[in-house]
Each structure stands twice: as structure tokens, then as C-alpha cells.
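Input: a single structure, listed below in C-alpha cells.
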Amino acid sequence: MLETLPSLSALPADSLREADQAALDAGHRDGRRNVALLVAGPVIVAGLEALLSRTPGIGTVLQLDPDTLHTPYGPGSLDVVIVTSDQWHLLRDAQDDKAHPLPPVLVVGDPVQDRRADFGDLPGDGFLSLTDLSQDGLANAIERTLAGEVPMPPKLARELLSMHRIQIPQAHARVTTLTPRENETLQLMASGLSNKQIARALTISTHGAKRLVGSVLAKFDAPNRTAAVVSAVNAGLV
């Protein structure tokens, strides 16, 4: 059963932190996934908690306080952070904390509409649009994010590419040479396909698709798919 924690104002900070950690530890003892929410607005928080409460395999769900993002929980306590696109920029500095790395980050909403940050500089391991926000859609996005597939709706991928065509100066383009297979992979990544979908499209194994995606990321020196595709657009490769 999903366990949610008290509001941030209900307990003193130290006591709340201890309660958080105890609940996270309990979730993992039961073999479930712990989820952190970085979300503004009680309506969206309540909606996500309701969806997560009906999702099998979810353990503790807690709300992150933007003011205490750099106060880490125990290593591996959190399995995924769900952040709404309007709060995504708050994770910019947290991703640089090498001693306490962020878990995979699933971005929910419309980052193009919010226009708060340069997406290539932010941690993003998966994306879910509000139109796809359902119990099944959220569960699928979490699983794919944790599997390293970087789910991204094709519409969102196209919007991100269109926006960055306007905002990124061509003078900063990175010269990158791709093999024909890597170029095919890049185009599929730009369309928002997962590793499994890329494998099917190229008629190769999922392992082979993952290797190709990794090769593309390495050639663009990109930390994630979003950054790689943005760099590719800037270089005129997409």
C-alpha cells in the first residue's frame, strides 16, 4: 500500500527528515519503488498521489522541499523523482552534486510552454505530457524511465526541437560525425522512440539499440537524449 508522508509544516525539519527516511527504508524492504515529487500546487500533488496510490509496486511517495534539495536521503533511498515542468529548473544545481547523485528524473507537463530553462542543461530521464497523465501512462513512464529508455512523446520532441532551432546560436554547433547506423538511431531518438522501439525499427536487439544510443550520446558528449538531440539540431543533423 502506498505510504504518503505528512506535510512539510506538520513536523520539525529534523523529525520530518527522520520520518521520511524511515518510510523510504520501509518501502524498499517491501521491494517497492520510492518516489519523490517536486511539484507546485496542491491539486497536482493530490492528483499524482492518487495515481501513484493505484500503481502496483510503488512504495513511499514524498514531497521534496525546494529549499532542502541538497540535504540528501540515504544512498539509493529514492528510485525516481517526478518533477513538473514548471519546477524542473530547480534541479539544475542538484544534478551537480556528485556526492549525492539524483535518481532518474521524470518530467511531467509541457516544458516548452513553461520556457523556464535550457533543457540541455537539466537532468531529464523521461518525459510525460499532461494529456498522457493517467494511471497506466504514469506507470509506463516510470518503468521506461527506470529502464533507461527515456520516454518522450513525439509531439513534445518536435516542440523541443522547434524551440531550440530558434534559441541556440548556430555558432555554437558541435561538429560531430556519425556512422549511417548512428544517424538512423539519432533520427529515431529525435522522434521520441524508446530503445525497444528503435530496436524494432532497425530490426536489431534491444541491447544493440541501447549500444547505438550510448554511442550517439558519447559523440555529442551529452548527458541525456534531450541534450543529444538539441546538439544534433544545432549541428544541422536533424
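The values are calculated or read from the model by the stated rules, or taken from the named source; none is laboratory data. These numbers were taken from a predicted model, which means no experiment stands behind them. In this analysis, Cβ positions are derived from the backbone assuming ideal geometry, glycine residues included, and neighbour counts consider all displayed protein chains. With ligands, DNA and RNA removed, areas are computed over all heavy atoms of the protein, side chains included. Shrake-Rupley method; radii C 1.70, N 1.55, O 1.52, S 1.80 Å.
To keep it simple, each residue is scored yes or no on (1) open to solvent by 10 Å² or more (accessible area, probe 1.4 Å); (2) touching a residue at least 40 places away in the same chain (Cβ under 8 Å); (3) outside any helix (DSSP H, G or I).
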| site | (1), (2), (3) |
| --- | --- |
| 193 | yes, no, yes |
| 199 | no, no, no |
| 211 | yes, no, no |
| 217 | yes, no, no |
| 228 | no, yes, no |
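Would you call residue 178 touching a Lys or Arg at 6+ places or on another chain (Cβ under 7 Å) and not in a helix (DSSP H, G or I)? So residue 178 fits the description; yes.
Of the residues making up region 104-128, those that are at pLDDT below 70 and under 20 Å from residue 78 (Cβ atoms) number 0. Contact map, region 125-148: residues that are farther than 20 Å from residue 227 by Cβ paired with residues that are in a helix (DSSP H, G or I) and modelled with pLDDT of 85 or more, Cβ distance under 7 Å, separation 6+ or inter-chain. Pairs shown: 135/51; 138/51.
When 154, 101 are checked against the criterion of being open to solvent by 30 Å² or more (accessible area, probe 1.4 Å) and at pLDDT below 75, 154 stands alone in meeting it. None of 179, 131 is open to solvent by 40 Å² or more (accessible area, probe 1.4 Å), on the phi < 0 side of the Ramachandran plot and either in contact with a Phe, Trp or Tyr (Cβ under 7 Å, 6 or more places away or on another chain) or modelled with pLDDT of 90 or more (or both) except 179.
Just wondering, is there one or more residues in region 74-90 that are modelled with pLDDT of 85 or more, buried (at least 19 other Cβ atoms within 10 Å of the Cβ) and part of a helix (DSSP H, G or I)? Checked against the condition, which is being modelled with pLDDT of 85 or more, buried (at least 19 other Cβ atoms within 10 Å of the Cβ) and part of a helix (DSSP H, G or I), region 74-90 yields at least one hit. Considering every residue within region 5-26, establish whether at least one is crowded, with 17+ Cβ neighbours inside 10 Å, under 22 Å from residue 143 (Cα atoms) and modelled with pLDDT under 80. So far as region 5-26 goes, yes, one or more of its residues are crowded, with 17+ Cβ neighbours inside 10 Å, under 22 Å from residue 143 (Cα atoms) and modelled with pLDDT under 80. Scanning region 206-224 for residues that are at pLDDT 80 or above and either under 20 Å from residue 146 (Cβ atoms) or under 16 Å from the mean Cα position of the chain (by Cα) (or both) returns 206, 207, 209, 210, 211, 213, 214, 217, 222. Scanning region 34-62 for residues that are hydrophobic (A, V, I, L, M, F, W, C) and without any contact (Cβ under 8 Å) to a residue 12 or more places away in the chain, which turns out most open to solvent (accessible area, probe 1.4 Å)? Step by step, filter region 34-62, then rank; the result is 43.
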